[in-house]
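The values are calculated or read from the model by the stated rules, or taken from the named source; none is laboratory data. Only a predicted model underlies this, so the values are computations on that prediction, with no experimental measurement involved. Quick reminder, even Gly has a Cβ in these numbers, built from the backbone with ideal geometry, and neighbours come from all protein chains shown.
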Amino acid sequence: MTYFLILGNNPSLSIAEISACLSNNIKKVKKVSEDFLILETKQEIEAKKLQKEMGGIVKIGEIKKEIFLTDFLKDKNLIPDFLEEEINNSSFLKNKIIFGFSFYGFKRKLETKETALIIKQKLKNKGISSRWISCSEKALSTVILKKNKVLEKGLEVCFFQDCQQVFLGKTLTCQPWEEYSQRDFGRPERSIEKGMIPPKLARIMINLGKESLKSCFLDPFCGSGTFVQEAFLMDFKSIIGTDKDEQSIIKAKKNLAWISKRENKSINHISLFRADVRKLSKKIRNQSISLIATEPYLGPLTIKEKGSFYLIKELSSLYEFAFKEFKALVKPQKKVVIIFPVLNTEKKQYFLPILDSLKNMGWQRESLINPVFLENKVIKMNNRSSIIYSRPEQKVLREIFVFKNI
Ligand SMILES: C[S@@+](CC[C@H](N)C(=O)[O-])C[C@H]1O[C@@H](n2cnc3c(N)ncnc32)[C@H](O)[C@@H]1O
C-alpha cells in the first residue's frame, strides 16, 4: 500500500514521529518534501487510528495513481474520471456529494474550476447533486475539510508533484484541530507566565518515547499538566505528574478533572503531587517509570546576552540533578524525552553543555529519525542528534532529545 502523510509545521519533527509510530512498517520512502511524505508500507495502516495517535501529522491518505506530469496537465478527463471512479467505490451516501482538490509540491495552484464544473455536470447526469469546495490556497486546510464535512460526505483528492511525476491520492482522515484547540485553549487553567507546551507537541514527544506497553508515565515538571493530559488520552496505565510549585499542581488537578469529565473516564490511576525534581527518588518507587516526557524550566522568556552564561550554568545544574534522579526512577532501557532550552541572544545561540556528563551517567542519546529518511535534505538534524522546535520571534527555542537509560 502507498500512503501520503501531510506534515506539520516542523517537518523534521513530523518525520521523527512517523519514524517512531510506523517504525517497522515502512517498506520504501518514495518522496520526502517540506510538507508531505509518500511511502509504501509492508502492511495496511489503520489511518484513522494512526491520525488520532499522532500529534504532528495533518492528513493521511492513500495514493491511487502515479502519472507523468505532461499527461496530467494535458488530459482534461483525467481528474473527473478519477473522481468518478473513487465515488463509485466509496460507501458514503450519494445524495449530495462534497468534493475538493489540494495540490502539494506544485509551484503554483492549478486552475480547477473547469474540471469541477465537468465533475458537477457528470454527477448531475446521474441525478446526484454536488458541491465543490475551493479556497485561495494551494491546499484545503483541515478547518475547511471539517467545517464542510468533505471527508464524511464526499472526498478530497490530493495531487503531489515530484519532478516529472504526479501522484493522485484520496484523503482518508485529517487532524482533529477542534479537539486540540479545546485541549489547549478550552481547559479551565492555563499558565502563560510559566509557559505551556502545545498539546500536539506533548503528544509527539510521548510518541518519540515508543513506550508500547504504556505502563508508567512521569512528567516531573508537569506545570498545568499538558503531558499528563495527553498520556491520559493515550491510555497509560499509571501516570504521575509532579512539580515544585503548589499552584501548578492545583491547576493540573483542575485540568485533569475537566478532561476526565469530558472523556467520561476515571482519573484514579493519575497521581499529581508537589515535589522538587532534585528529591524525586525519595518520593517515587525506584525503577518504576517506563517513560518520562517533560518540558522542564527553560529560563525566563526574555534573555540578555550579559546574563546568558550564568543562566546556562544554572539550568545545566538543574538538568544534571534531574537526570541523576531519573537514573534511579527509570527502568533500564526505558527513555526520557525532554526539552532543553536554547537561548537565542542577539549575538549567538547558547546550548546546554551537558551531553558528555549525561553520557557518563549512563544516558544514551537516541536517533530521532529512522535511517530510511536520513539522507534527505528536508530533515534538519544538528550534530547533537536533536531537533529544534521554535516559533517566530521566540527567544528561548526548544531542543528535543530522547535519552535511553543504559
Ligand atoms: C515550562 S513549565 C512546564 C509547563 C508544562 N509542560 C505545561 O504544559 O503546563 C516548567 C515547570 O517546572 C517547574 N519547576 C521548576 N523547577 C523545578 C524543580 N526544581 N522541581 C520540580 N519542578 C520545577 C515549574 O514550577 C514549572 O511549572
For the condition more than 24 Å from K52 (Cβ to Cβ) and more than 16 Å from the ligand (Cβ to nearest atom), what is the one hit in Q164, Q175? Q164
Any pair with Cβ under 6 angstrom, 6 or more apart, that starts in the stretch 207-221 at a residue that is on the phi < 0 side of the Ramachandran plot and ends at one that is assigned to a loop (DSSP other than H, G, I, E, B) and surrounded by fewer than 17 Cβ atoms within 10 Å (Cβ to Cβ): S215/K237; C216/S288
Counting only residues in the stretch 261-275 that are more than 18 Å from V330 (Cβ to Cβ) and within 16 Å of the ligand (Cβ to nearest atom), the one nearest to the chain's Cα centre (by Cα) is identified as I270
Subset of the stretch 332-366 (residues that are in contact (Cβ under 8 Å) with a residue 12 or more places away in the chain, away from the ligand (no atom under 16 Å from the Cβ) and out of contact with any Asp or Glu (no Cβ under 9 Å at 6 or more places or on another chain)): P332, Q333, N344, Q349, Y350, P353, L355, G362, W363, Q364, R365, E366
Which is of a type in the set (S, T, Y), more than 27 Å from the chain's Cα centre (by Cα) and surrounded by fewer than 16 Cβ atoms within 10 Å (Cβ to Cβ), of S308, S357? S357
Could you tell me whether A293 is more than 28 Å from the chain's Cα centre (by Cα) and either surrounded by fewer than 20 Cβ atoms within 10 Å (Cβ to Cβ) or within 12 Å of the ligand (Cβ to nearest atom) (or both)? no
Give the residues of the stretch 159-182 that are crowded, with 22+ Cβ neighbours inside 10 Å and either modelled with pLDDT under 95 or in a loop (DSSP other than H, G, I, E, B) (or both), sorted by residue number. Q175
For the stretch 205-255, give me each residue that is away from the ligand (no atom under 13 Å from the Cβ), surrounded by 22 or more Cβ atoms within 10 Å (Cβ to Cβ) and aliphatic (A, V, I, L, M). L208, I239
Restricting attention to helices (runs of 4 or more DSSP H) lying wholly within the stretch 49-153, give those where 1 or more residues are at negative phi, of a type in the set (G, A, S) and surrounded by 13 or more Cβ atoms within 10 Å (Cβ to Cβ). 113-125
Please work out if Q364 is of a type outside the set (D, E, K, R), modelled with pLDDT of 95 or more and on the phi > 0 side of the Ramachandran plot. no
Hey, among L329, L298, L315, which residue is without any contact (Cβ under 8 Å) to a residue 40 or more places away in the chain, assigned by TED's automatic domain parsing to the domain that holds L397, within 16 Å of the ligand (Cβ to nearest atom) and crowded, with 18+ Cβ neighbours inside 10 Å? L315
